[in-house]
Amino acid sequence: MAQQSHSVFTRQLPIMAGTFLFATILCLALGNALAADVLEGSYNVTQVCTMVKTGTSLGSIQSCDYYYVCGSSGPVKTTCSTGYSYNFRTQTCQPTAQVTCYYGMENPCAGKTGSNFVPKVNTCNGWYWCNGEKIGNTGTCASGQKFDSTAQKCVYGSCLATDSTDEDSLSSYCDVVPPGMYFGSVSNCKQWYTCSSNGTLSTGDCASSAFIVQTGSCGYSTDAGACDRIVEAATPSSCTTSGTKAPSNTTCGTWYLCNGSTYVEQICPTGTYYDVGTEACVTRATATPAAGCNRCQYATTTFVNAVNDELCDTYYYCSDGKAGSVTTCPGERFFNEDIQACDTDSKLAAYVPTHGACKGASVSSTSTTVSGATDSSASTVSGETAASDASTDAPTTVEATTVNETK
């Protein structure tokens with residue numbers, strides 16, 4: 001772990017009464033901190049790089065012309081020479097005519113002869129029928145099926161997220177990670193994945209306490225950096241009822257769908273959050289996401305409401321899409337994200353209906369009136385969830401199972 005350097009700075013945040021709220025924000029910056037996450041739609045390249053051994057190359061889902069090399073400080077975009085395309089299966093650039101890749105192509109039928117079926121990118125179950133170099137038809141596989149570009153047909157399997165042609169979407173880790181290698185999970189330190197040559201994703205759990213990404217083998221959570229890739233509370237553990245939905249407690253734009261045994265990660269369209277009330281993806285401002293999730297995601301302002309159904313008086317400072325420490329407005333005030341300031345409680349009732357983060361919030365019913373003024377004592381909540389102690393008992397080995405989507 002790189003040595004941390006600490007700096008403290010003070011920001012002035014105006015209060016409607018004409019005075020200023022001084023929000024002191026503690027910034028903890030890693031000496032060798034990673035840059036902002038590299039994203040291609042729902043594909044977080046930076047996160048996937050934490051799951052694979054340093055030096056691994058990952059494919060792009062936006063272009064066949066470049067790829068990412070996972071270095072110690074994150075992904076490095078690398079471009080193939082003119083006339084070459086990246087083949088993620090071999091981790092090499094090859095003559096374009098020898099590579100089966102459709103990302104970034106205006107005409108997916110270009111170069112084809114005769115009758116062919118090719119995938120519709122940004123979906124896992126869409127296809128085109130090519131009549132020579134012309135698109136003859138397009139369609140979608142039946143429910144419970146996905147399109148296999150190698151076999152050129154629909155096969156049984158599930159897709160990661162709802163199809164979207166508006167945003168680049170990663171259907172499976174096996175679309176970007178080379179086959180034959182073992183890589184880790186961001187939700188379970190013991191879990192590993194591997195991709196077969198036909199793009200099937202398999203998974204299993206180590207009998208020991210951790211899967212070590214750098215060695216591609218099982219080890220222990222006490223090994224240096226063994227579980228650094230884990231995202232806190234990333235995925236609900238298990239489920240039994242197919243179709244059951246669950247929110248992410250860390251990423252507001254992510255939710256989970258039960259396939260009958262495990263939860264499968266789903267990604268909302270860009271600019272939307274998963275709403276726990278309607279169990280659907282809705283616009284960021286109106287959504288009521290899970291308490292504690294990162295509302296700096298897709299934010300265009302410096303300060304944002306924390307999810308707070310009581311007084312709506314807590315907020316975060318945003319930097320590069322990440323949330324800093326939670327701060328609380330002084331008594332008799334709530335945080336108004338629209339004006340980037342703590343506002344008077346008299347305006348809270350009008351604010352709540354259009355700002356889902358504060359759904360249910362109201363002026364404290366426990367407040368007492370003294371000389372015509374409301375006196376409420378606001379307390380600051382740490383906003384941190386205590387992590388349970390890791391068990392030192394060796395877990396029982398779980399048989400590897402084949403899945404058709406990422407978790």
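Checked against the criterion of being at pLDDT below 85 and either out of contact with any strand residue (DSSP E or B) (no Cβ under 9 Å at 6 or more places or on another chain) or in the same structural domain as E265 (by TED's automatic domain parsing) (or both), the candidates S172, S143 yield just one match: S143.
Listed by position, the strands (runs of 3 or more DSSP E) inside segment 257-330 whose residues that are at pLDDT 90 or above and farther than 26 Å from Y173 by Cα number at least 3 are 303-305.
Only one of the numbered conditions (1) closer than 24 Å to G41 by Cα; (2) more than 31 Å from the chain's Cα centre (by Cα); (3) not aromatic (F, W, Y) is not met by P119, and that is (2).
Look at segment 105-124: where a residue is on the phi > 0 side of the Ramachandran plot and a partner is surrounded by 20 or more Cβ atoms within 10 Å (Cβ to Cβ) and among the aliphatic types (A, V, I, L, M), sitting 6+ places away or on another chain with Cβ atoms under 9 Å, you get N122/I61.
Taken as a whole, the condition of being hydroxyl-bearing (S, T, Y), surrounded by 20 or more Cβ atoms within 10 Å (Cβ to Cβ) and not assigned by TED's automatic domain parsing to the domain that holds K245 applies to Y103.
Scanning segment 143-154 for residues that are surrounded by 15 or more Cβ atoms within 10 Å (Cβ to Cβ) and touching a residue at least 40 places away in the same chain (Cβ under 8 Å) returns K146, D148, S149.
Quick check on my filter: what residues within segment 309-335 are over 30 Å from V38 (Cα atoms), in contact (Cβ under 8 Å) with a residue 40 or more places away in the chain and crowded, with 18+ Cβ neighbours inside 10 Å? The answer is L311, C312, D313, T328, C329, E332, R333.
Among the residues of segment 193-211, none qualifies, meaning not one is closer than 22 Å to G74 by Cβ, of a type in the set (A, V, I, L, M), under 21 Å from the mean Cα position of the chain (by Cα) and buried (at least 19 other Cβ atoms within 10 Å of the Cβ). Can you spot a residue in segment 253-262 that is of a type in the set (V, I, T), within 20 Å of the chain's Cα centre (by Cα) and surrounded by 22 or more Cβ atoms within 10 Å (Cβ to Cβ)? The answer is yes, given that some residue of segment 253-262 is of a type in the set (V, I, T), within 20 Å of the chain's Cα centre (by Cα) and surrounded by 22 or more Cβ atoms within 10 Å (Cβ to Cβ).
Do we find a residue being closer than 24 Å to A110 by Cα, touching an Asp or Glu at 6+ places or on another chain (Cβ under 8 Å) and surrounded by 17 or more Cβ atoms within 10 Å (Cβ to Cβ) anywhere in segment 65-80? The answer is yes, given that some residue of segment 65-80 is closer than 24 Å to A110 by Cα, touching an Asp or Glu at 6+ places or on another chain (Cβ under 8 Å) and surrounded by 17 or more Cβ atoms within 10 Å (Cβ to Cβ).
For segment 155-168, check the following and say yes or no: at least one residue is assigned to a strand (DSSP E or B), surrounded by fewer than 18 Cβ atoms within 10 Å (Cβ to Cβ) and either of a type in the set (D, E, K, R) or modelled with pLDDT under 90 (or both). Yes.
The values are calculated or read from the model by the stated rules, or taken from the named source; none is laboratory data. Owing to the predicted nature of the structure, the values given are computational and were not obtained by experimental measurement. Using ideal geometry, Cβ is built from the backbone for each residue, glycine included, and neighbour counts are taken over all protein chains shown.
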